[in-house]
Number of protein chains: 2
Amino acid sequence: MIQVAVMGHGVVGSGVTEILLKHSEEIKKKVKEEIYIKKVLDLRDFPDSPIADRFTKNFDDIINDDEIKIVVEVMGGLNPAYTFVKSCLEHGKSVVTSNKELVAAKGAELLKIAEENNLNFLFEASVGGGIPIIRPLNQCLAANDVYEIDGILNGTTNYILNKMIKESQTFEDALARAQQKGYAERNPAADVEGHDACRKICILASLVFGKHFYPESVHTEGITNVSLTDVEYASAWGGAVKLIGSVKVTNGKQEIIVAPMFVSNECQLSSVDGVFNAILVKGDSTGDVVFYGKGAGKLPTASAVVADVMDCVTHQSERRNIMWEDGNDENILPFEETAYSMYVLANTDDKESAFAAANEAFGSCEKLERENAAADELAFITPVLKYADFEKAAENFEKCGAKVVSNIRIAVI
Amino acid sequence: MIQVAVMGHGVVGSGVTEILLKHSEEIKKKVKEEIYIKKVLDLRDFPDSPIADRFTKNFDDIINDDEIKIVVEVMGGLNPAYTFVKSCLEHGKSVVTSNKELVAAKGAELLKIAEENNLNFLFEASVGGGIPIIRPLNQCLAANDVYEIDGILNGTTNYILNKMIKESQTFEDALARAQQKGYAERNPAADVEGHDACRKICILASLVFGKHFYPESVHTEGITNVSLTDVEYASAWGGAVKLIGSVKVTNGKQEIIVAPMFVSNECQLSSVDGVFNAILVKGDSTGDVVFYGKGAGKLPTASAVVADVMDCVTHQSERRNIMWEDGNDENILPFEETAYSMYVLANTDDKESAFAAANEAFGSCEKLERENAAADELAFITPVLKYADFEKAAENFEKCGAKVVSNIRIAVI
């Protein structure tokens with residue numbers, strides 16, 4: 001029998017205990033040991049839980065219990081999760097977490113402590129919820145040079161964009177709908193401003209390139225400025241606006257970004273609907289591989305956590321070889337040097353001369369048309385430009401009297 | 001240093017040696033041991049290979065070499081692969097194979113021998129080529145009840161159907177094109193008659209449901225009878241014809257089938273293009289998860305083989321817990337009891353009375369229309385019927401003088 005503790009009894013945590021209890025027989029058959037939940041840490045009371053007697057409000061009850069070998073951290077947030085997880089690893093307990101904020105901020109440090117103590121630190125559920133991605137990346141694709149990952153990593157924003165695309169709802173209306181349905185938090189900033197997607201692409205990048213990518217180092221744009229007009233032009237262009245987290249090798253460095261992008265209908269990612277996530281991995285041997293599924297939710301996420309717990313049980317003597325070093329920003333391509341073709345939406349009194357000015361400023365542009373366009377709106381796609389050059393060009397373009405109201409990258413996937 | 005042998009130097013085998021040699025440093029870093037190719041077994045000569053001196057034509061050179069701990073079988077076909085693999089396992093060597101025919105025919109037996117000898121028998125590459133699917137199913141989804149798998153498991157037939165759908169090529173022309181491009185064998189029977197897809201769904205079903213599913217027990221239809229007319233009606237109906245391998249739980253038994261089906265445009269599988277594969281897994285916790293990528297080809301398949309080899313290296317003392325029991329057909333729902341809504345194409349001199357007869361025979365049908373329909377053609381969708389009932393109804397229907405020329409299942413995915 002293996003004794004485990006679960007820290008946090010919120011959405012994911014209650015899912016973890018539910019699965020461990022409900023599937024206990026199958027799990028025992030698979031890992032050849034019974035997994036017993038000894039303690040659940042939460043400040044709240046859950047008198048109706050079938051294991052109510054095993055709840056505690058005191059972390060010491062876990063850390064000082066030498067029989068507890070595996071601790072599940074599903075509290076979320078950086079603190080006290082970080083202190084608790086670190087302490088667990090230092091006290092000889094393997095840790096499984098779904099906490100992307102923790103892994104994105106402290107992954108390298110915690111992996112190092114885990115390695116020094118020959119323990120597992122696993123976090124499959126931190127990216128893509130129930131979609132297996134961390135383990136396939138680490139193992140199945142081990143014989144590959146993975147050189148690019150592009151993902152729809154946040155279900156909330158994908159749901160909102162989808163409502164805008166399919167039902168012509170405004171961002172505000174779609175957000176309100178997402179909040180009603182429980183897909184978005186009351187404070188939706190982490191989702192709609194791209195921070196959640198940023199943490200996830202940082203974790204994937206760290207895993208693949210072996211150095212820690214910190215969210216602070218990543219240019220991150222959310223979807224709060226995406227308008228229905230933008231969405232319609234994306235459709236006219238032959239694609240859809242998606243919030244993309246991307247990391248790829250450019251000039252020997254890693255180019256990493258989170259931003260809304262025009263994704264062509266030819267690309268698998270364009271058709272990802274609702275709260276689903278999809279992660280496209282490009283390897284030199286495998287070519288394109290896509291992983292698709294529910295990126296969040298109680299049971300999908302909890303099932304990924306439990307799979308990690310089971311993995312800990314079968315890898316007690318020999319830890320899972322998952323590791324990356326600490327990183328600085330030296331390996332990251334400076335944002336100004338990242339180059340994209342851009343969609344630009346401008347207001348102008350004179351479309352013809354403004355489009356001529358656009359061609360002058362950005363180089364040869366492709367004009368976009370949509371039905372019911374406003375009289376003063378001009379939309380076009382620029383050639384590929386480094387961001388620094390794009391900004392200069394936009395400044396020059398505006399000298400014609402037009403005003404840039406929107407610009408969105410064209411994804412190259 | 002771990003010594004390995006590779007049996008077979010065809011497309012996949014040469015890819016395996018290429019990756020092992022090219023990525024030797026990264027692989028060593030990952031598994032903390034050097035992987036050294038000691039022998040390559042092939043009846044042909046390869047004087048230009050960088051490891052030409054390690055080739056042998058004699059299996060005894062491998063089986064009698066106690067230093068060889070892992071053997072890669074990439075010869076394909078049932079014999080002599082089966083005899084060789086069995087012998088390797090009996091002589092204390094772990095085996096990695098890409099051979100779906102072998103695993104589908106002898107999986108349970110070989111897994112048992114591997115377990116008895118505390119060895120690994122791994123076959124990630126046998127399904128989905130470079131797409132990680134066996135390992136995620138076995139591990140990441142371990143905390144799930146997987147109750148259904150539907151897949152586009154054969155790239156050749158998907159390429160052919162795609163050419164029919166997108167370019168209105170006939171089956172014969174599309175097949176010829178696939179052969180030209182090297183996607184189809186000169187003898188394409190295993191692909192176009194569905195046997196390859198059948199082996200793969202058998203392997204996935206065995207893994208998920210824990211009992212061996214034998215290809216002989218699975219109702220298997222290929223795509224040789226799919227006409228351009230059928231393809232056009234699928235499109236008019238709002239979907240596409242795809243060759244689907246499917247297994248799901250029905251009335252406590254497993255319903256397993258390989259057949260062309262109408263797949264709705266709403267389903268992720270409908271948009272899988274060209275030689276790509278996609279596998280949709282439904283679990284009680286995860287919901288729908290889709291794995292997508294190149295299902296065949298030298299390097300994708302070889303990279304999956306090498307990942308398995310690396311897994312063998314890191315799991316020398318404690319074997320990978322992958323296992324299923326031998327099976328009989330008792331757990332398989334008899335084919336006559338499988339129930340589908342059906343697309344029917346019929347020839348008739350009198351469409352109106354034939355459609356009335358269809359409604360009489362099958363129950364309330366939905367008529368399909370297409371542009372440029374022939375004067376004597378009638379197409380409709382029947383209600384859900386058990387196959388035995390469908391056959392009887394079709395017989396009754398034909399009494400009106402109409403002749404059923406085509407019938408294809410409507411996928412429920």
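Yes or no, residue by residue, for (1) crowded, with 19+ Cβ neighbours inside 10 Å; (2) assigned by TED's automatic domain parsing to the domain that holds residue A:231; (3) farther than 19 Å from residue A:227 by Cα:
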residue	(1), (2), (3)
A:357	yes, no, yes
A:364	no, no, yes
A:369	no, no, no
A:399	no, no, yes
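Starting from residues that are within 9 Å of chain A (Cβ to nearest Cβ) and touching a Leu at 6+ places or on another chain (Cβ under 9 Å), keep the ones in segment B:123-133 and report whichever is surrounded by the fewest Cβ atoms within 10 Å (Cβ to Cβ).
Only one residue tops the list, namely B:132.
Let's see how each residue does on (1) polar (S, T, N, Q); (2) within 9 Å of chain A (Cβ to nearest Cβ); (3) touching a Lys or Arg at 6+ places or on another chain (Cβ under 7 Å):
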{"residue": "B:271", "(1), (2), (3)": "yes, yes, no"}
{"residue": "B:281", "(1), (2), (3)": "no, yes, no"}
{"residue": "B:288", "(1), (2), (3)": "no, yes, yes"}
{"residue": "B:295", "(1), (2), (3)": "no, no, no"}
{"residue": "B:304", "(1), (2), (3)": "no, yes, no"}
{"residue": "B:310", "(1), (2), (3)": "no, yes, yes"}
{"residue": "B:315", "(1), (2), (3)": "no, yes, no"}
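Which residues, taken from segment B:375-399, are outside any helix (DSSP H, G or I), among the hydrophobic types (A, V, I, L, M, F, W, C) and either touching a strand residue (DSSP E or B) at 6+ places or on another chain (Cβ under 7 Å) or at pLDDT 95 or above (or both)? Steps first, please.
Pass one, segment B:375-399, residues outside any helix (DSSP H, G or I): B:375-386, B:399.
When the remaining residues are screened for being among the hydrophobic types (A, V, I, L, M, F, W, C), the result is B:375, B:378-381, B:384-385.
Listed by number, the residues that qualify are B:378, B:379, B:380, B:381, B:384, B:385.
Being in contact (Cβ under 8 Å) with a residue 12 or more places away in the chain and either out of contact with any strand residue (DSSP E or B) (no Cβ under 8 Å at 6 or more places or on another chain) or surrounded by fewer than 24 Cβ atoms within 10 Å (Cβ to Cβ) (or both) narrows it down to one of B:148, B:167, so name that one.
Among B:148, B:167, only B:148 is in contact (Cβ under 8 Å) with a residue 12 or more places away in the chain and either out of contact with any strand residue (DSSP E or B) (no Cβ under 8 Å at 6 or more places or on another chain) or surrounded by fewer than 24 Cβ atoms within 10 Å (Cβ to Cβ) (or both).
Could you tell me which residue of segment B:116-174 is nearest to residue B:319 (Cα to Cα), considering only residues that are of a type in the set (A, V, I, L, M) and within 13 Å of the chain's Cα centre (by Cα)?
Among those residues, the one meeting the criterion is B:134.
Can you tell me which condition residue A:130 does not meet? The list is (1) part of a loop (DSSP other than H, G, I, E, B); (2) touching a residue at least 12 places away in the same chain (Cβ under 8 Å); (3) over 25 Å from residue B:138 (Cα atoms), and all the others hold.
The failed condition is (3).
Give, as residue ranges, the helices (runs of 4 or more DSSP H) completely inside segment A:1-105 that count at least 2 residues that are farther than 30 Å from residue A:210 by Cβ and within 14 Å of chain B (Cβ to nearest Cβ).
Because the criterion is at least 2 residues that are farther than 30 Å from residue A:210 by Cβ and within 14 Å of chain B (Cβ to nearest Cβ), the helices (runs of 4 or more DSSP H) in segment A:1-105 that meet it are A:11-22, A:24-31.
Going by the conditions given, is residue B:379 within 25 Å of residue B:228 (Cβ to Cβ), surrounded by fewer than 17 Cβ atoms within 10 Å (Cβ to Cβ), in contact with a helix residue (DSSP H, G or I) (Cβ under 9 Å, 6 or more places away or on another chain) and not assigned by TED's automatic domain parsing to the domain that holds residue B:106?
No, not satisfied.
Check segment B:323-346 and report whether any residue there is closer than 24 Å to residue B:15 by Cβ, surrounded by 18 or more Cβ atoms within 10 Å (Cβ to Cβ) and modelled with pLDDT under 95. Break it down into steps so the answer makes sense when it comes.
Within segment B:323-346, the subset closer than 24 Å to residue B:15 by Cβ is none.
Scanning segment B:323-346 turns up no residue that is closer than 24 Å to residue B:15 by Cβ, surrounded by 18 or more Cβ atoms within 10 Å (Cβ to Cβ) and modelled with pLDDT under 95.
For segment B:261-268, does any single residue satisfy the condition of being surrounded by fewer than 20 Cβ atoms within 10 Å (Cβ to Cβ), touching a helix residue (DSSP H, G or I) at 6+ places or on another chain (Cβ under 9 Å) and more than 8 Å from chain A (Cβ to nearest Cβ)?
Checked against the condition, which is being surrounded by fewer than 20 Cβ atoms within 10 Å (Cβ to Cβ), touching a helix residue (DSSP H, G or I) at 6+ places or on another chain (Cβ under 9 Å) and more than 8 Å from chain A (Cβ to nearest Cβ), segment B:261-268 yields at least one hit.
Within segment B:138-163, track down each residue that is over 19 Å from residue B:296 (Cα atoms) and more than 8 Å from every other protein chain (Cβ to nearest Cβ).
Scanning segment B:138-163 gives B:138, B:146, B:147, B:148, B:149.
Among the listed residues A:205, A:236, A:197, which satisfies the condition of being touching a Lys or Arg at 6+ places or on another chain (Cβ under 9 Å), among the small types (Gly, Ala, Ser) and closer than 22 Å to residue A:133 by Cβ? Quick ask: steps written out before the conclusion?
Details: A:236 fails: closer than 22 Å to residue A:133 by Cβ; A:197 fails: touching a Lys or Arg at 6+ places or on another chain (Cβ under 9 Å).
From the options A:205, A:236, A:197, the qualifying one is A:205.
A quick yes/no check of all residues on (1) assigned to a loop (DSSP other than H, G, I, E, B); (2) over 28 Å from residue A:159 (Cα atoms); (3) under 17 Å from the mean Cα position of the chain (by Cα):
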| residue | (1), (2), (3) |
| --- | --- |
| A:266 | yes, no, no |
| A:278 | no, no, yes |
| A:292 | no, no, yes |
| A:303 | no, no, no |
| A:317 | yes, yes, no |
| A:327 | yes, yes, no |
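Output yes when any residue across segment B:2-22 is under 30 Å from residue A:283 (Cα atoms), surrounded by fewer than 14 Cβ atoms within 10 Å (Cβ to Cβ) and in contact with a Phe, Trp or Tyr (Cβ under 7 Å, 6 or more places away or on another chain), and no when none is.
So far as segment B:2-22 goes, no, none of its residues is under 30 Å from residue A:283 (Cα atoms), surrounded by fewer than 14 Cβ atoms within 10 Å (Cβ to Cβ) and in contact with a Phe, Trp or Tyr (Cβ under 7 Å, 6 or more places away or on another chain).
Hey, can you tell me all the residues within segment B:27-53 that are over 31 Å from the mean Cα position of the chain (by Cα) and either outside the structural domain of residue B:310 (by TED's automatic domain parsing) or among the acidic types (Asp, Glu) (or both)?
Those that are over 31 Å from the mean Cα position of the chain (by Cα) and either outside the structural domain of residue B:310 (by TED's automatic domain parsing) or among the acidic types (Asp, Glu) (or both): B:33, B:34, B:45, B:48, B:53.
Pick out the one residue from B:283, B:287 that is touching a helix residue (DSSP H, G or I) at 6+ places or on another chain (Cβ under 8 Å), at positive phi and among the small types (Gly, Ala, Ser).
Values: B:283 fails: at positive phi.
Just one listed residue meets the conditions, B:287.
Could you tell me whether segment A:290-313 includes any residue that is surrounded by 22 or more Cβ atoms within 10 Å (Cβ to Cβ) and among the aromatic types (Phe, Trp, Tyr)?
yes
Looking at (1) in a helix (DSSP H, G or I); (2) outside the structural domain of residue A:104 (by TED's automatic domain parsing), which is the only condition residue A:312 fails?
Among (1) in a helix (DSSP H, G or I); (2) outside the structural domain of residue A:104 (by TED's automatic domain parsing), residue A:312 violates only (2).
Run down A:353, A:341, A:264, A:303 and say which single residue is within 30 Å of residue B:307 (Cα to Cα) and hydroxyl-bearing (Ser, Thr, Tyr). First the steps, then the outcome.
Working: A:353 fails: within 30 Å of residue B:307 (Cα to Cα); A:341 fails: within 30 Å of residue B:307 (Cα to Cα); A:264 fails: within 30 Å of residue B:307 (Cα to Cα).
Just one listed residue meets the conditions, A:303.
The values are calculated or read from the model by the stated rules, or taken from the named source; none is laboratory data. Computed from a predicted model, the values in this text were never measured in an experiment. Methodologically, a virtual Cβ is constructed for each residue, glycine included, from the backbone with ideal geometry; neighbour enumeration extends over all protein chains shown.
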